[in-house]
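J.: After the structure tokens below, expect a handful of questions from me.
Where a number appears in this text, it was derived from the coordinates with a stated rule and is not lab data. Every value quoted in this text rests on a predicted model; they were computed, and no experiment measured them. Glycine gets a Cβ as well: all are built from the backbone with ideal geometry, and neighbour counts include every protein chain shown.
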Amino acid sequence: MRVGVVLPTFERSADRALGAACEAERAGLHGVFAYDHLWPMGQPGRPAISPYPLLGAVASRTTRVALGTLVARVGLVPDDVLVRELLTLQVVSAGRAVVAVGTGDSKSAAENRAYGVAFEAPRRRRERLGAVVASLRQAGVPTWVGGGSAATDAVARSTGAALNLWGATPGTVAAAARSGEVTWAGPLPGDSGDAAALLAALGRAGASWAVVGWPGSCGPIVAAASTAGCALG
């Protein structure tokens, strides 16, 4: 199982996120990811760095780690623009892009509406998601679908993309892995032993990736991954 980290992007400056990406590469983690939010969930007064220019800057400062969105949301920009942004990331990173794409949900709807961007019905968002994922996979970009409802999960399976599950239990991951590739994302427990146990359980459950929320430094991730038997790069 590969191990990655979500960069700290809810800040006015990109300095800490860029430093974290370089730290992750030095530490041997396999990938760095960035949220696609206009503000932290439910906190419209706080800033958020856009993932696309940030990951482009990360690409110029690293040579090995995979770079990705977690998750790029359909509907914020036209679908063709979203695909072009993600294909450009694949180009500037010399083929290191691993992108997760999702529909968003009721918790993120306020971000759309604050900027006059329509928040479409779930069925329409899933249709757009399927088209975007199909375009990315046709171009050879490793693609994940942000899991949610059974109907959204079905988009992953119908397109052959991996299913990304946020905060899922190892049992849920194991059940999903029976029908295709599954990746996991979420926070690690604060206790080092519990963190290692969770990563080990996710690996046994069949997760191909575990992408960890930023804990302040890469040290706790590396320690937990090493104890869990994950081979770092």
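J.: For Phe10, what charge total do you get from the other residues with a beta carbon under 14 Å from its beta carbon, if Lys and Arg give +1 and Asp and Glu give -1?
T.: -1
J.: I've got another one for you. How many percent of the alpha carbon pairs in the range 1-127 exceed a separation of 17 Å?
T.: 57 percent
J.: Another question about this same structure. Which one, Ser179, Ser192, Ser93, has the greatest fluctuation when you compute a Gaussian network model over the chain with C-alpha springs under 10 angstrom?
T.: With Cα springs under 10 Å in the chain, the top fluctuation among Ser179, Ser192, Ser93 is at Ser179.
J.: Divide, for the range 84-214, the radius of gyration over alpha carbons by 2.2 N^0.38 Å, where N is the residue count.
T.: That works out to 1.12 for the range 84-214.
J.: So who's got an amide H within less than 5 Å of the one on Ala72, skipping anything under 5 residues away but keeping other chains? H placed 1.01 Å off N, in plane.
T.: Ala100, Val101, Gly102
J.: What does the charge dipole of the range 2-228 about its Cα centre add up to, to the nearest 20 debye, if the Cβ of each Lys and Arg holds +1 and the Cβ of each Asp and Glu holds -1?
T.: 280 debye
J.: Looking only at the range 38-70, which residues have a backbone nitrogen under 14 Å from a spot 7 Å from the Cα of Val117 in the C-beta direction?
T.: Those under the cut-off are 38-41, 48-53, 70.
J.: Cα extents of the chain along the three principal axes, largest first, in whole Å?
T.: 46, 41, 34
J.: To the nearest Å, what is the center-to-center distance of the range 190-233 and the range 93-150, using C-alpha atoms only?
T.: 26 Å
J.: Continuing with the same structure: As a check on your grasp of the helix formula, calculate [θ] at 222 nm for the chain: sum -39500 (n - 2.57) over DSSP H runs of n ≥ 4, divide by the residue count, round to the nearest 500.
T.: Using -39500 (n - 2.57) per qualifying helix, the result is -13500 deg cm²/dmol.
J.: May I pose another question? Residues in the range 95-136, backbone N under 14 Å from the label point at Ala151 (7 Å along the Cα-to-beta-carbon vector): list them, ranges by number please.
T.: Residues passing the 14 Å test: 103-106, 120-130.
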